[in-house]
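Working notes for the structure below.
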């Protein structure tokens, strides 16, 4: 076991390679423990697409120690715990938050689910129906579905472009062996981070680490297929669906995780689409009434990313909405923002960071994700300092890099059968 201590966190690496991040927040009366694994849809094979997300569900369906799902839920409900899980393209996480004195139960529960789940055949068959209904829900939710279509457009036929929920035909054929093979492949201790944030007794936590998480042996973990980019002209995908509102995502490929311009991109997204006084909100919704929601985001992955605007717009005026978004992209790429606007964006973003840090779950997830994906941790002060250091020249430079006509990508869901109208709009 090795240890590394900073002012706001402590990092411990067990002999089997599992990393532990401890952040003591004595003002809290709660604690969050989250297990993060380097598993997700981009690590899957075509014939097992969706296994990462399905596995997330199965970890709550019974272990050798707690044989049925209700044994897990009852134990956590008895202490008023808040628990859930999530699956992404590069990370899967399992988190439990409770009053501080129950941390030993949280660690016991997480390790039990992680390495002792039963994967009962009857539970697997039953959960297939749940997963397929979840996929149906997302397909019937255009506001969410359009983002998946957009990433398919960016990374067509590549693992990074696959839906996290998977394909129905794959889900129907999943077996117990698929789960155990995937755990053997990716759920190695050296591919896992345990992050704990809140109020806890440090000596008790350190004592429990090897007992709960030190028994599994380290092993080799395969990497991922790099994202490929061969785009030379604007790209478009329109999925026909009879809706009362059109949903669109318009954007470009962005920066990879850890890129030196990451904070510039975050502030660019804030200026364009962060909050109700952002450029897109004012010009698309408030002035013209073209949309109910409109926002901008930068999403980063290990080797690539995307910067995009999303909106739910009036069916009859979707062309106008696309034009206005493109006008705002072009404007910010060719005209420096004013210092006053940049300062407002900085304060907005810093405020969001500070508020998020008041929840032990966000601290645990943030520190854990940083350690798992980047091998280093960013504290709140580091965030705030990096945001404050961004200049108007930085914003102009990153905007000019992003908003190149040949890089444009547009995904649309709505009752549209003629695509040419949208192709003609994709220009600056």
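Working note: Cα gyration tensor of the stretch 2-213, eigenvalues times five, square-rooted, sorted largest first, giving semi-axes of 31, 20, 17 Å. Where a ≥ b ≥ c are the square roots of the eigenvalues of the C-alpha gyration tensor, would you call the stretch 182-233 rounded, which needs a/c under 1.5, or, failing that, prolate if a/b is larger than b/c, or oblate? The shape class here is oblate.
Given springs between every Cα pair under 10 Å in a Gaussian network model of the chain, which of 248, 36, 225 has the largest fluctuation? Maximum among the listed residues: 225. For the options 348, 150, 43, a Gaussian network treatment of the chain with springs between C-alpha atoms closer than 10 Å singles out 348 as fluctuating the most. Restricting the calculation to Cα atoms, the stretch 71-143 yields a radius of gyration followed by a Dmax of 15.0, 43 Å. Over the stretch 2-213, Cα pairs under 8 Å with separation of 6+ residues give a relative contact order of 37 percent.
Report the per residue volume, in Å³, of the convex hull enclosing the C-alpha atoms of the stretch 235-423. Write out the running numbers ahead of the final one.
Numbers: hull volume 24.3 nm³, N = 189.
Dividing the Cα hull volume of the stretch 235-423 by its residues yields 129 Å³.
Among 211, 397, 167, the residue with the largest mean-square fluctuation in a Gaussian network model of the chain, with springs joining Cα atoms closer than 10 Å, is 211.
Restricting the calculation to Cα atoms, the stretch 236-311 yields a radius of gyration followed by a Dmax of 13.9, 43 Å.
Sum -39500 (n - 2.57) across every DSSP H segment of at least 4 residues in the chain, then divide by the residue count to get the 222 nm mean residue ellipticity, nearest 500.
On the way: 15 runs with 178 residues, N = 428.
Roughly -13000 deg cm²/dmol at 222 nm, from the helical runs in the chain.
For the peptides 299-305, 382-388, the ranking by packing is 299-305, 382-388, with the highest mean count of neighbouring Cβ atoms within 10 Å listed first.
Read-outs: derived from the displayed coordinates by stated rules, not from any lab. Source: prediction; values computed, not measured. Counting neighbours? That spans all protein chains shown, and the Cβs are built from the backbone with ideal geometry, glycine included.
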